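Working notes for the structure below.
Where a number appears in this text, it was derived from the coordinates with a stated rule and is not lab data. As the structure is a computational prediction, the values presented were derived from the model and not from experiment. Quick reminder, even Gly has a Cβ in these numbers, built from the backbone with ideal geometry, and neighbours come from all protein chains shown.
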Amino acid sequence: MRTRVKKEAITIALTGNPNSGKTTIFNNLTGTRQHVGNWPGVTVEKKMGTVFHNGHRLQVVDLPGTYSLTAYSIEEIVARRFLVDSKPDVVVDIVDASNLERNLYLATQLIEMGVKLILALNMADVAEARGHEIDAESLGTLLGVPVVFTIGTKNQGMKELLDKVLEVVEDRDTVSRHIHISYGHELEKEIKKIQDVIWRDPSVGERFSTRWLAVKLLENDSAVQERVRSFGEIGKQTLAQAEASRERLGEFYKDDAEMVLTDQRYGFIGGALKEVLKVSAKSKLDLSRQVDLFLTNRILGFPVFIFFIWAMFQLTFTVGAYPMEWIDAGVSWLGAVVSALLPAGLLQDLLVDGIIAGVGSVIIFLPNILILFFCIAVFEDTGYLARAAFIMDRVMHVIGLHGKSFIPLLMGFGCNAPAIMATRTLESERDRLLSILINPLISCSARLPVYILLAGTFFGASAGNVIFSIYALGIALAITMGKLFSVTLFRGDIAPFVMELPPYRAPTLRSLLIHMWDRSQIFLRKMSGVILVGSILVWVLSSFPRSPYLPRGQAVERGTTSATQERLLTLAESQQPVSPLMSEDNLKNLDLNNEMTRLEGSFLGRLGHLVQPIFAPLGFDWRTSVAVLTGFVAKEIVVSTLGVLYAAGADVNEESEALRRSLRASGMTPLGAYTLMAFVLIYIPCLATVAVIRRETNSWKWTGFSIGYSLVLAWMVSFLIYQGGRIIGLG
Amino acid sequence: MVGDLVHRFGDMLMIPLSEFREGERGVITRLNGSGTFRKRLQEMGFIRGSEVFVEKYAPLRDPIELVIKGYHVSLRVEEAAQIMMERLE
């Protein structure tokens, strides 16, 4: 029976407080037919999905979870803008039935906006278990809003919810009616005055709910003020009236009008709940509270927290190591197959050395990312993340950050890319940006090979301490920069900490997997593009102009000898015992030497020479400069580049004795090595991280800033270390 | 303690929430502070007349976990100092 089938899809907006189970309901409704993006211009996640019901196509938009709809946080502005401008056909407010009073606050604001509203009393089972008996029918009548019960975690009530959506859209529902929350005589008088001014221009009055505009103006809402200003003359008059009204109310109530309005809304809710909510005192043991007494215990809280974090890392990097090996093998295999199929030449080089190697070096992190995000989803969905923030807040507050920022920072020790993606768990945009900016200073595991090589070569037995000092330097810089940014770039109004500690809940596997996949697929999809382009770029720079020498792996021109070659040969002769393999080794060395000369002549090599003067005060020669340039793709590449340039072989690793010998022979000093380590620690996060920063900040400006400041900081710190060290006679 | 003295001779309805100990209960009498902070607290249910129970302090004595309007919420000590209370026995 399709009497009134709409041509276009029906849009449903989901609103609700954080922790009301909104995401679970969204997942139930849309399943895998989801699309995750960003709201234009901000870093807030935008989730959309489709659901088919009774022959209708319903487009579901998951608005950010908010406690209110004022203009104070970016999430609230985004949610409100969507409700006002995109005018969804129906708004479903997901309400935690076991926590009605606070949850209904948002509902009162939605009612005021005049949207077509449905209340979904979610977690109805939890409410019942707590002895809350809700008279849904009366609640609906009182609010003028149809009410349905849902249990998101058990996938119950979804059909009823969708039925109700269609009823409301098609105006078949009998409960919906427009009610006004009465604010009392004084306030109502002023609201009326403002409304009257707006109605002087009927074209404005017809477009917006004038009552909503008036209330928002009394609340001194900057976004609405701006909008009203755009109405021209009538806007000016309205604002003047609003100002006068605010002043009058301030005198009358001896408090700001917005405070009085909030009081009144809660008063309205309290009145309604008296009629519809019965709480029978069930003296049931509150399990969640018992668990919490242990998990955030004064003595045990920290050890338990540290254990969970430790377990997360173990899982991520120990278990993740196996699939990483498989992927690594797969990438090598693919490279070999392509090499075998294609004739040697430019195309083969591009595919194998550029694209497959470049993308392969990033895709290898996928297992880590999947596991890490799974763990984070567990923390988040059980409610433990809020407790971790609760415990750590005192520490993080020192750098001007929220307790929740701790986990993304800690994850940075593994890999900065997923760590920066984890900043999505932070509520305020300020905290998110700040955490993103300082995250690359936390030394990721990809930088470790560089430290092992350099510290192992130049510091012998004390290598461990030296590496530890580099990690400490990173942490110290993160704290310093965090503090610096929070008092300069992000001064403004620091949002209060007010954080809900939701009851512990058993998460469903389904929602954990969806959570994990949501974030991982962003890594896969978006990264592939940037990484691909970046890898090709570096390959082009290192492969062109094509040298007159033969490509790698082919017979060597034995005639050409350069100074370096000679040095290399003497090096090889003096340090290697004469053996039957000698000639073969020599051939290998010659081959390598060719590669070295070729690289020196490539754009990348020339670039190295070009930028070397900038690095000269840090004691870097052109080869180190090139290594630093290639390290932009991924920091461990610094090792293989040094390998090629110091003629030890491209397939060196940090343990390679040959490379260590040539490094020592090259004139690099321990001080120079330490400077290089510090530089590698601080300068530009790798390509994958830059791509994630771009993605998460949704801004080239912040991405550019991140690159720029890290370069400047790296140079300055390295300069201080190198020149300072020389002054006190270490170099 | 000086703080105690001030309050004993001052207004019994104006004890900052930050001076409450674990397990104590009270009613909000006034909300100090301004702007975003005050508004946000109000929206989360910190309005005059609301009952607040101090569930516990974090291991480092900051923030505080409170129960208000039937849900658990945490506030920093400096923020709780802006909330004036009347003690309930």
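For A:Asn38, nonlocal amide neighbours, meaning residues 5 or more places apart or on other chains whose placed amide H falls under 5 Å from its own, are A:Lys46. Helix A:582-601 and the longest principal axis of the C-alpha atoms of chain A enclose an angle of approximately 50°. Estimated at 0.36 nm per residue, the fully extended path between A:Leu315 and A:Ile479 surpasses their Cα-Cα distance by 56.3 nm. Here the calculated FRET efficiency for A:Glu243 and B:Leu13, from their Cβ-Cβ distance with R0 = 35 Å, stands at 0.60, rounded to the nearest 0.05. The simple Förster model, with R0 at 25 Å and r as the Cβ-Cβ distance, assigns B:Leu60 and A:Leu489 a FRET efficiency of 0.40.
Restricted to Cα atoms, segment A:94-243 shows a radius of gyration and a Dmax of 18.4, 56 angstrom. Overall shape: rounded for segment B:2-88, with the ratio a/c of the largest to smallest alpha carbon gyration tensor axis below 1.5.
Within 10 Å of each Cβ of A:62-69, how many other protein chain Cβ atoms are there on average? Before the final figure, lay out the partial values.
Working: counts 0, 0, 0, 0, 1, 4, 5, 1.
The mean count of partner-chain Cβ atoms within 10 Å per residue comes to 1.
The angle between the Cα long axis of helix A:366-382 and the main principal axis of chain A comes to about 30°, on a 0 to 90 degree scale. For chain A, adding -39500 (n - 2.57) for each run of n ≥ 4 DSSP H residues and dividing by the number of residues yields -19000 deg cm²/dmol at 222 nm. Distance from the C-alpha centroid of segment B:52-84 to that of segment A:660-698: 44 Å, rounded to the whole angstrom. Each of B:Arg30 and A:Gln723 was given a label point 7 Å from its Cα along the Cα-to-Cβ line. The distance between the two points is 5.7 nm.
Amide H contacts of A:Phe497: B:Arg76, each under 5 Å away and 5 or more positions distant or on a separate chain (H built 1.01 Å from N in the peptide plane; Pro and chain starts excluded). Averaged over residues, the count of other Cβ atoms within 10 Å places the peptides A:706-714, A:51-59 in the sequence A:706-714, A:51-59, highest first.
Can you pull the mean other chain C-beta count within 10 Å for peptide A:385-396? Intermediate values should be presented prior to the final figure.
Numbers: counts 0, 3, 3, 0, 3, 8, 4, 3, 6, 8, 1, 0.
Shielding by partners across A:385-396 averages 3.
Listed by chain and number, the aspartates and glutamates whose alpha-carbon sits under 15 Å from that of A:Lys274, ignoring those within fewer than 8 places in the same chain, are A:Glu101, A:Glu133, A:Asp135, A:Glu137.
Available extension along the chain between A:Lys189 and A:Leu287 is 30.4 nm, counting 0.36 nm per residue and deducting the alpha carbon span. Helical content of chain B, expressed as a calculated mean residue ellipticity at 222 nm, amounts to -6000 deg cm²/dmol (DSSP H runs of 4 or more residues, -39,500 (n - 2.57) each, divided by residue number, nearest 500). Peptide B:59-68 has a mean of 5 when you count, residue by residue, the C-beta atoms of other protein chains within 10 Å of its C-beta.
Put a plus charge on the Cβ of each Lys and Arg, a minus charge on the Cβ of each Asp and Glu, and nothing anywhere else: the dipole of segment A:185-279 about its Cα centre is then about 260 debye.
Quote the FRET efficiency, to the nearest 0.05, computed for B:Arg87 versus A:Tyr253 with a Förster distance R0 of 30 Å and r equal to the Cβ-Cβ distance.
Details: r = 26 Å, r/R0 = 0.88.
The formula returns an efficiency of 0.70 here.
Label point 7 Å out from A:Asn297 along Cα-to-Cβ: which residues of segment A:387-410 have amide N under 17 Å? What the label zone holds, given the 17 Å backbone N cut-off, is A:388, A:391. Highest mean packing first, where packing is the average number of other Cβ atoms within 10 Å per residue, the peptides A:319-326, A:123-130 line up as A:123-130, A:319-326. Using bins of 10 Å that start at zero, the share of Cα-Cα pairs per bin across chain A amounts to 2, 12, 20, 21, 16, 12, 9, 5, 2, 1, 0, in whole %. A crude spin-label estimate for the pair A:Val540 and A:Ser699, with each label 7 Å from Cα along the Cβ direction, gives 3.0 nm.
Taking each of A:Lys278/B:Lys69; A:Lys254/B:Lys39; A:Lys46/A:Lys87; A:Lys22/B:Lys69 in turn, the alpha-carbon distance tops 18 angstrom for A:Lys22/B:Lys69.
Taking segment A:45-98, how much of its Cα-Cα pair set, in percent, is spaced more than 17 angstrom apart? Each step should come with its number before you reach the end.
Working: 628 of 1431 pairs.
Tail fraction, whole percent: 44.
Note on A:Leu509 and A:Ala344: the extension gain reaches 54.5 nm, defined as 0.36 nm multiplied by sequence separation minus the Cα-Cα distance. Where the alpha-carbon atoms of segment B:19-66 are placed on the principal axes, they occupy 30, 21, 16 Å, in descending order. Projecting label points 7 angstrom from Cα along Cα→Cβ for A:Ser469 and A:Arg81 puts them 4.9 nm apart.
Most simply put, chain A has about 45% antiparallel DSSP beta bridges, counting only bridges with both residues inside it. Size of segment A:32-170: Rg and Dmax of its alpha carbons, in Å, are 15.1, 45.
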